[in-house]
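Novice: My structure is below; once you've seen it, I'll send some questions.
The values are calculated or read from the model by the stated rules, or taken from the named source; none is laboratory data. Everything numeric in this text was worked out from a predicted model, so none of it was measured. All Cβ positions, even for glycine, are placed from backbone atoms using ideal geometry, and neighbour counts span all protein chains on display. Surface areas here come from the heavy atoms of the whole protein model, side chains and all, with no ligands, DNA or RNA. Shrake-Rupley method; radii C 1.70, N 1.55, O 1.52, S 1.80 Å.
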Amino acid sequence: MARKQFDLIVFDWDGTLMDSTSTIVKCIQAAARDLALPVPRDEMAAHVIGLGLHEAMQAVLPDIDPAFYPRMVERYRYHFLSRDHEISLFPGVHDMLEDLSQNGYFLAVATGKSRVGLNRAMNDVKVLSLFDATRCADETFSKPHPAMLQELTRELGQDMRRTVMIGDTTHDLLMANNAGAAGIAVEYGAHPVDQLTACKPMFSARTVAELHQWLSEHA
C-alpha cells in the first residue's frame, strides 16, 4: 500500500485505543470522595481526560486548596491501579495497529498517562512491539502544547506535515493544530462530537472500524 498523505500516525491512548473513559471518570470521582471534596459530574471528569494527571486535577477541581492536588493524584492512582486490569483495547484496535505497522507506517502514542502507566498498559494488551515511539505527560508538556508531537517527529526523523494525530478529545486535536500536524477525531471517547468538530479535524470516525477503513483508503 502506497502511503498517500502520512508517514507517521500518532494515537492518543485512553478513549482512543483503550476503552478506559468510564473507569477514569469513576476513579477521579472516587479520589474526590476520599478527600471529602466536591465530586465532579461525569462530563466534567471526562473533559479532563488526556491532560497530564496534575493538570487534570487542577482543571476538574479549580476552586479547591492547591494542597489537595497531590493528594488527588495519589488517590486517583490508587483507584486506577486497583481497576486497570479490567480495561481492554476497543474491539478492532489490535488488528488496525497490526495492519498499519505491516504497511510501513511509523506508529506512536502521545498520552496524558505517566510513563509507568503507559508501559504497564501496553504490556498488558501486548502492543508494545507495534509502536516506534511513545511520549507521556510526565516527560514533557501536557496537551494541548505541541511538544509531544514535536518530540516524536524529531525522534523518528519525520516531517510534521506528513504526521497525523488521532484522538478522542479536543486536547488531542488542539495539540495537532498547535504543532502543524493533521488531526483525526474519534467520536466514541471522552469529548462530545460538537466540541471535536469545532477543532476542525480532517476526519471524524464514529467507530474503530470506520477509522481503520479511512486510514486504509486515505492515509
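Novice: List the pairs whose first member sits in segment 124-141 and is at positive phi and open to solvent by less than 80 Å² (accessible area, probe 1.4 Å), whose second member is at pLDDT below 95 and basic (Lys, Arg), and whose Cβ atoms are under 6 Å apart, counting only residues at least 6 apart or on separate chains?
Specialist: Cβ pairs passing all conditions: none.
Novice: Let me ask something else. Which pairs have Cβ atoms under 8 Å, sit 6 or more apart or on different chains, and link a residue in segment 174-201 that is not assigned by the TED database to the domain that holds Met44 to one that is hydroxyl-bearing (Ser, Thr, Tyr) and open to solvent by 70 Å² or more (accessible area, probe 1.4 Å)?
Specialist: Hits for this filter: Ala185/Thr197.
Novice: When you go through (1) more than 13 Å from the chain's Cα centre (by Cα); (2) touching a residue at least 40 places away in the same chain (Cβ under 8 Å); (3) in a helix (DSSP H, G or I) one by one for Ile24, which number turns out not to apply?
Specialist: (1)
Novice: Looking at segment 185-194, can you tell me whether even one residue there is under 16 Å from the mean Cα position of the chain (by Cα), aromatic (Phe, Trp, Tyr), surrounded by fewer than 24 Cβ atoms within 10 Å (Cβ to Cβ) and not in a helix (DSSP H, G or I)?
Specialist: Scanning segment 185-194 turns up at least one residue that is under 16 Å from the mean Cα position of the chain (by Cα), aromatic (Phe, Trp, Tyr), surrounded by fewer than 24 Cβ atoms within 10 Å (Cβ to Cβ) and not in a helix (DSSP H, G or I).
Novice: Sticking with this structure for a sec: Collect the residues in segment 151-177 that are open to solvent by 20 Å² or more (accessible area, probe 1.4 Å) and of a type in the set (A, V, I, L, M), keeping them in residue-number order.
Specialist: Answer for segment 151-177, where residues must be open to solvent by 20 Å² or more (accessible area, probe 1.4 Å) and of a type in the set (A, V, I, L, M): Leu156, Met160, Leu174.
Novice: I would also like to ask the following. For segment 86-116, what are the residues that are touching a helix residue (DSSP H, G or I) at 6+ places or on another chain (Cβ under 8 Å) and farther than 23 Å from Trp214 by Cβ?
Specialist: Hits for segment 86-116 are Glu86, Ile87, Gly112, Lys113, Ser114.
Novice: Next question, about the same structure. Restricting attention to segment 4-43, report how many residues are touching a helix residue (DSSP H, G or I) at 6+ places or on another chain (Cβ under 8 Å) and of a type in the set (Lys, Arg).
Specialist: Residues meeting the conditions: 2.
Novice: Scan segment 79-93 residue by residue and report those that are buried (at least 17 other Cβ atoms within 10 Å of the Cβ) and farther than 18 Å from Val25 by Cβ.
Specialist: Listed by number, the residues that qualify are Leu89, Val93.
Novice: Is it fair to say Glu210 is under 17 Å from Trp13 (Cβ atoms), part of a helix (DSSP H, G or I) and open to solvent by 40 Å² or more (accessible area, probe 1.4 Å)? Write out each step before concluding.
Specialist: Values: under 17 Å from Trp13 (Cβ atoms): no; part of a helix (DSSP H, G or I): yes; open to solvent by 40 Å² or more (accessible area, probe 1.4 Å): yes.
So Glu210 fails the test.
Novice: Could you give me the residue pairs with C-beta distances under 6 Å whose first residue belongs to segment 207-219 and is touching a residue at least 60 places away in the same chain (Cβ under 8 Å), whose second residue is part of a helix (DSSP H, G or I) and surrounded by 14 or more Cβ atoms within 10 Å (Cβ to Cβ) wherever it lies, and which are 6+ apart or on separate chains?
Specialist: Matching pairs, first to second residue: Val208/Val93; His212/Met96.
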